[in-house]
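Taking it in order: structure first as structure tokens, then the write-up.
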Amino acid sequence: MQQPSPTPRKATGRPPRISREEVVETARRIVAEEGVGKLTMRRLAGEIGSTPMALYHHVRNKEELLVLLLDDYAARALRPVELPADPRERVLAAATAIHDALAACPWIVEVLAADDLFSTHALWYVERIVDGLVDCGLSPERAAQGYRAIWYYTTGEIVVRATAAERRAGDDRPTYREQVFAALDPAEYPRLAQVAGRWEPVTAQDAYGDGLRALVTGLLAAG
């Protein structure tokens, strides 16, 4: 008599290991949809279908995870390109490239504002800015300070605009500033009163390029 075939046993052992690419992709989706504040190791593990301990094979903590996200984004958005030969124009073009990349992904600025996290892929552009400032006559030390001024201007402009846009989303009521400016006393604030009614549309214009050029001109003039 033929014996019945044994019932196949379910495979045992550890579940398939997650990849670093899967970790980065899932983390990127969370911050893009809900913001950096919603990204935790526990949340990320749950989204992947794993455990926080499994994530530690790839990242030690949330800070290292954010660095991975920064580097992943910079590798895609800040590829080396041909820049102008003129050093001043090279500085302007490199800074504008950084600005445009960050403006297209505002959540990154929230991370970079901490000032101690950065992407190694972005260093190519930082090098071109510092090198351009040196070629314009600044010392390496002054060029480094000049880059910091450009960086603060760039990130500050994006943070203010992104935050304001988020606060005004779906709310067409006058802003607090509009209410205050509407009640300005021309005798006490003559210049502000002169432009108060046009303040919002005027300041909403994208003047990053003009401000950057003025900043660089000032840095070079100061030596």
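The values are calculated or read from the model by the stated rules, or taken from the named source; none is laboratory data. What you are looking at is a predicted structure, and each value in this text was computed from that prediction instead of being measured. Methodologically, a virtual Cβ is constructed for each residue, glycine included, from the backbone with ideal geometry; neighbour enumeration extends over all protein chains shown. Side chains included, ligands, DNA and RNA excluded: accessible areas come from the protein's heavy atoms. Shrake-Rupley method; radii C 1.70, N 1.55, O 1.52, S 1.80 Å.
Charge tally around ILE30: other residues with Cβ under 9 Å, Lys/Arg +1 each, Asp/Glu -1 each, net +1.
For the residues ALA143, ALA183, ALA97, a GNM of the chain with alpha-carbon springs under 10 Å puts the largest fluctuation on ALA183. Here the label points at ARG43 and ALA113, each 7 Å from Cα along the C-beta direction, are separated by 1.7 nm in the simple model.
Given springs between every Cα pair under 10 Å in a Gaussian network model of the chain, which of GLU188, GLU166, GLU25 has the largest fluctuation? Looking only at GLU188, GLU166, GLU25, the largest GNM fluctuation is found for GLU188. Among VAL160, VAL180, VAL91, the largest mean-square fluctuation in a Gaussian network model of the chain, built with springs joining Cα atoms closer than 10 Å, belongs to VAL180.
Excluding ligands, DNA and RNA, the accessible surface per residue across the stretch 20-147 is 52 Å² with a 1.4 Å probe.
Using the rule -39500 (n - 2.57) for each DSSP H run of four or more residues, divided by the residues of the chain, the 222 nm mean residue ellipticity is -19500 deg cm²/dmol.
Taking only C-alpha pairs under 8 Å that are 6+ residues apart, what is the relative contact order of the chain in percent?
On the way: 165 pairs, mean separation 37.7, N = 223.
With pairs under 8 Å counted, the relative contact order is 17 percent.
Once the Kirkwood radius over Cα pairs is known for the stretch 110-223, the Stokes-Einstein relation at 25 °C and 0.890 mPa s delivers a diffusion coefficient of 144 µm²/s.
Normalised by the residues of the stretch 104-220, what does the relative contact order come to in percent, with Cα pairs under 8 Å and at least six apart? If you can, show how the numbers build up before the last one.
On the way: 48 pairs, mean separation 32.8, N = 117.
After rounding, I find 28 percent.
Which values of log₁₀ I(q)/I(0), to two decimal places, follow from the Debye formula for the stretch 52-101 at q = 0.28, 0.29 Å⁻¹ with a uniform point scatterer at every Cα? Each listed q corresponds, in turn, to -1.01, -1.04. For the chain, complete DSSP H runs whose alpha carbons reach 27 Å or more along their own long axis and whose mean Kyte-Doolittle score is -1.0 or higher are 140-168. Per residue, the convex hull spanned by the Cα atoms of the stretch 82-161 measures out at 87 cubic angstrom. Of the solvent-accessible surface of the chain, computed with a 1.4 Å probe and all protein chains present, 54% belongs to carbon and sulfur. Equivalent ellipsoid of the chain: semi-axes from √(5λ) of the C-alpha gyration tensor, largest first, are 47, 27, 13 Å. For the pair ASP100 and ARG168 in one chain, pulling the backbone fully straight at 0.36 nm per residue adds 22.3 nm over the alpha carbon distance. In a simple Cβ point-charge model (Lys, Arg +1; Asp, Glu -1; nothing else charged), the chain has a dipole of about 1020 debye relative to its Cα centre. What separates the Cα centres of the stretch 132-157 and the stretch 20-98 is a distance of 24 Å.
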